[in-house]
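Working notes, beginning with the structure itself.
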Amino acid sequence: KNQVEQSPQSLIILEGKNCTLQCNYTVSPFSNLRWYKQDTGRGPVSLTIMTFSENTKSNGRYTATLDADTKQSSLHITASQLSDSASYICVVTPNAGGTSYGKLTFGQGTILTVHP
Amino acid sequence: DAGVIQSPRHEVTEMGQEVTLRCKPISGHNSLFWYRQTMMRGLELLIYFNNNVPIDDSGMPEDRFSAKMPNASFSTLKIQPSEPRDSAVYFCASSDGTDNTEAFFGQGTRLTVV
């Protein structure tokens, strides 16, 4: 069982609408949880990073939340644009004691398509 | 800084040939990661280095894969001999090694083994 599970696998929305992507994880303890955006044919780009003590982080129209008790995170996209069409990947950094050297545990991603 | 630079962007090779992928991390970063991405398995960590030293290579699929980091500004991932199932996009990423900082990814190398 993957330690980081995302839902839905894919999502289609109309331009201007809001949407929320979900991430459930079992990695414990962890140092931080990140959301990445990956455009087709490009490398992932970081959107937000939250430590276990944070419960929300915003980056423009992107807002990530974290509930460390239920081990859930969400990424909310407001007023979607065509350029938001991409894969969104939830990533957890385990805390292996001391530094984990940034070893990341990836979800499978949610493919978002924004239609005009 | 130009970011993490990978080369080549695309590689097509015949089964059995040796393939070498290259990566230049962001200057000043002391951690470097090699990932493989496929539709079926998503992103998988192959190996990571800290201060040029391999820390964990448990993700390397088999002995056909090897990685080196001879200095702080260069790393290679080699597959010898290559097989069709090695076809994937290979990403290199770097960070400053602390847990709560970003890892920056290169554009990836799309490898096709025919």
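In the range B:66-79 there is no residue matching the filter, namely being loosely packed, with under 15 Cβ neighbours inside 10 Å and in contact with a Gly (Cβ under 8 Å, 6 or more places away or on another chain).
Look at residue A:26 and say whether it is crowded, with 19+ Cβ neighbours inside 10 Å and modelled with pLDDT under 95. When the stated conditions are applied, residue A:26 does not pass them. Look at (1) closer than 24 Å to residue B:91 by Cβ; (2) part of a strand (DSSP E or B); (3) aliphatic (A, V, I, L, M) and you find that residue A:13 fails only one, number (1).
Might you check whether a residue that is in contact with a Lys or Arg (Cβ under 6 Å, 6 or more places away or on another chain), under 25 Å from residue B:10 (Cα atoms) and part of a strand (DSSP E or B) occurs anywhere in the range A:89-109?
Scanning the range A:89-109, I find no residue that is in contact with a Lys or Arg (Cβ under 6 Å, 6 or more places away or on another chain), under 25 Å from residue B:10 (Cα atoms) and part of a strand (DSSP E or B), so the answer is no.
The set of residues in the range B:50-94 being in contact (Cβ under 8 Å) with a residue 60 or more places away in the chain and farther than 17 Å from residue B:108 by Cα consists of B:80, B:81, B:82, B:83, B:84. Looking only at residues of the range A:29-72 that are aliphatic (A, V, I, L, M) and crowded, with 19+ Cβ neighbours inside 10 Å, we find that the one that is nearest to residue A:95 (Cα to Cα) is A:33. Whenever a residue of the range A:36-50 is more than 7 Å from every other protein chain (Cβ to nearest Cβ), its partners that are not in a strand (DSSP E or B), lying with C-beta atoms within less than 6 angstrom and at least six residues away or across chains, give the pairs A:36/A:44; A:38/A:44.
Set side by side, the residues B:82, B:94 differ, and just one is buried (at least 21 other Cβ atoms within 10 Å of the Cβ), among the small types (Gly, Ala, Ser) and more than 14 Å from the chain's Cα centre (by Cα), which is B:82.
Screening residue B:53 against (1) in contact with a Gly (Cβ under 8 Å, 6 or more places away or on another chain); (2) more than 25 Å from residue A:111 (Cβ to Cβ) leaves a single unmet condition, (1).
Contact map, the range A:59-78: first residue outside any strand (DSSP E or B), second residue among the small types (Gly, Ala, Ser) and modelled with pLDDT of 95 or more, Cβ cut-off under 9 Å, separation 6 or more or different chains; pairs are A:61/A:79; A:61/A:80; A:78/A:60.
Across the range B:95-114, the number of residues qualifying as without any contact (Cβ under 8 Å) to a residue 60 or more places away in the chain and of a type outside the set (Asp, Glu) comes to 3.
The values are calculated or read from the model by the stated rules, or taken from the named source; none is laboratory data. Because the structure is a prediction, the values reported are computed rather than measured. Methodologically, a virtual Cβ is constructed for each residue, glycine included, from the backbone with ideal geometry; neighbour enumeration extends over all protein chains shown.
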